[in-house]
Amino acid sequence: MEMVNKEVNGAEMTVRLSGRLDTAKSPEVLSEIESDMNTTTKLTIDLKELIYISSSGLRILLQLQKEINAKKGSMVIKNPSAEIMNVFAMTGFDQILKIE
Amino acid sequence: MNIFDKTFISRAHNKLQENGNVVKKRLDKITISPKYEQTDFLLNLIKNNKDTEIGRQKDFESIKTVDEFRKRMPISTYDDYAEAIYRMSEKGESNVITAYPVTHFSIAFESMGNPKRIPYSEKTESINHDYLFAYNYWLLSSIPDHDKSKSLNTIEGMLNTLPSGATIGGFNSKVMSNVMKVLDKIYVPPLEVMIPERIMNFRYLHALYGLREADLSSVLCDDNSYFLEIMRLIENNWRMLADDIEKGTINSSIQVPDDVRIRLCSKMRPDGKRAEELRRVFGNQQNEPLIPLIWPNMKAVIGIGTAEFSAYTEKLRKYCGPKIKFLLEGMITPQGLFSVPIELDSTESVLIPDSIFYEFLPENAHSDDDTVTIEEVEFGKNYELVITNTAGFYRYKTNRIVKITGTFNGTPTVEYLYNSNENINLAGENSNEYVLREAVTKMAEECHIDLTDYCIYANTDVTPARYEFLIEVHNLADNFNATQALDAVTKQLSALNPIFAEKIKEGSIGKSMLHILQEDTYQLYRDMMTMKGASAAQLTPVHNLNNILRKRFFYALIDDRFEK
């Protein structure tokens, strides 16, 4: 199964991540998302199928949030598991990202 | 490079050489009699600030000697200035704590909490400009041909504006913004990247523009950890970088605002020859240092590489090989420039008598009243620096501990050791950042691991309390033996701090623990802090998890594969 499932509709992009987002996988995931970021101002990242996120994966979310902020767009993280939500809370990401 | 650029670079270098000679002569002169220079510096400062709010409050006009000043002014901390700084930065009030115009505020992050704004006056700017540009240039002039081609400038140049109209950001950014006209003549990347208005993928762009320039002569960075990161990015992405160089493009997956991308790409010529050179280097590379292979004319790396950044500098040396020199900048803080190196490749630097008025509080002093002045320090002893600067701080406790290593002319030379806020003291053993760093570095050597960085949590929730080491390692093997690493670090720390060993033996400190952090954790921390507004230049690595936010952050990112 692909780690990144991406739907682009004009300036809106929805990304569904699955599996483990770790050091090995992060570069290709970022590259896949970045290829449509120039035209995106509304980004939704669905983590329903994501079972693990490492520091490298968190850096991707931070990078995307920075880019969206720079364009005054919006980014929403959806459906994180309880474990991933715990990582967000511990690292302070819940204060930086909009999580639903 | 065209003839116009070559001529301009040559003139710019001549001017820098000229200024460098002047500043070097001045430094030689003022370091002969530091007591005289410091007295002159302080009394002038007091006189110039007699009509400020603080000057009137403390009756600066009546102060005629250094001793009177030290009696009149109490030792201070940031909290003593917080309200004044708020008025200056938000409301644009002047003559509050300094008479010198303050047109910029640097940001200092000392925890994960609210950043501190540090006033940066035009007077401070002028001093920094002299030493960071001109004097450093003079130091580099001992390297033949160091100035024949462009340098890679990786200093973050983004500045924001406060309600008062003053700028806020790194002080290096301020220094750079004041010489914008010449920046792109002597440095790559282009101005759109050096002084950006918006966020983009700076790391990739620094790597790309650096690699395009086969003739690069030096690299300028805030601190050496950033350049190390660029080198790792190059190793991991050289194919994409070579493709971009060949085509004269920036890969579409690299975040750059559309209008900036168009401007950058319009100025970028395809360079198939350089791309091929790079592919050959990376395709055939064995174990040789990488930097001389990709930049054969590289002469120097300039940046902060001492104390808490020393581990990063050592790794960079492996990329550089023996011929490339390091200009390890002296003690630079948002409060001012304390010292400059006296030679290349040395961690020793001389205090600058016309930059700051220094007092020295002996390490482990019982009272703040025990400070001594520059002529009273003793060789080999450690002191906390207490400073009076040109931006409104008077007898300010810096928490920075230096060792007096010798003298240059008549002025003390120092080596920065550690920040006393980072000490760990569970049972009277008082392990400072220096011994902790040494212990962890020696453990890494013993275990043959590529240590990225480390931090320590003093766990007082257990009985007996204990040290918990958290280390990040680059490319760690899955079968890494964490127990062996724990034994090694305990042994090293016991040798460096025998009281720690005694306390463990008598049971007042428990057996330490060691955890492995996920790769990229330190970079993530840095990214988070810069997102909150910290300047890369002022972010020092976290080594003591001495507040709950730091603790929660790093413990959330422990690599479970190595937990038993």
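The values are calculated or read from the model by the stated rules, or taken from the named source; none is laboratory data. From a predicted model like this one, the values you see are computed outputs, not experimental measurements. Because the Cβ atoms are built from the backbone with ideal geometry, glycine has one as well, and the counts that use them run over all protein chains shown.
Miscellaneous remarks
- Single residue of B:LYS442, B:LYS403 found to be of a type in the set (D, E, K, R) and in a strand (DSSP E or B): B:LYS403
- Options A:LYS72, A:LYS48: the member that is farther than 23 Å from B:MET240 by Cα and in a loop (DSSP other than H, G, I, E, B): A:LYS72
- Residue match in segment B:219-234 (condition: crowded, with 18+ Cβ neighbours inside 10 Å and out of contact with any helix residue (DSSP H, G or I) (no Cβ under 7 Å at 6 or more places or on another chain)): yes
- Residue selection: B:LEU486 fails the criterion of being in contact (Cβ under 8 Å) with a residue 60 or more places away in the chain and part of a helix (DSSP H, G or I).
- Under the condition of being more than 14 Å from chain A (Cβ to nearest Cβ) and not in a loop (DSSP other than H, G, I, E, B), the residues counted in segment B:264-275 number 5.
- Taken over segment B:225-257, the criterion of being away from chain A (no Cβ under 13 Å) and outside any helix (DSSP H, G or I) is satisfied by B:GLY248, B:THR249.
- Extreme residue, farthest from B:ASP258 (Cα to Cα), among residues of segment A:1-35 that are among the charged types (D, E, K, R) and more than 9 Å from every other protein chain (Cβ to nearest Cβ): A:ARG20
- Residues (among the polar types (S, T, N, Q) and over 18 Å from B:SER218 (Cβ atoms)) located in segment B:313-336: B:THR333, B:GLN335
- Unmet criterion (only one of (1) more than 21 Å from the chain's Cα centre (by Cα); (2) modelled with pLDDT under 95; (3) within 23 Å of B:PRO341 (Cα to Cα); (4) hydrophobic (A, V, I, L, M, F, W, C)) for B:PHE379: (2)
- Note on segment B:540-558: residues that are within 8 Å of another protein chain (Cβ to nearest Cβ) and assigned to a loop (DSSP other than H, G, I, E, B) amount to 2.
- Hey, B:PHE500 surrounded by 18 or more Cβ atoms within 10 Å (Cβ to Cβ), aromatic (Phe, Trp, Tyr), part of a helix (DSSP H, G or I) and touching a residue at least 12 places away in the same chain (Cβ under 8 Å) or not: yes
- Test for B:PHE282: is it more than 14 Å from chain A (Cβ to nearest Cβ), at pLDDT below 95, surrounded by fewer than 22 Cβ atoms within 10 Å (Cβ to Cβ) and not in a loop (DSSP other than H, G, I, E, B): yes
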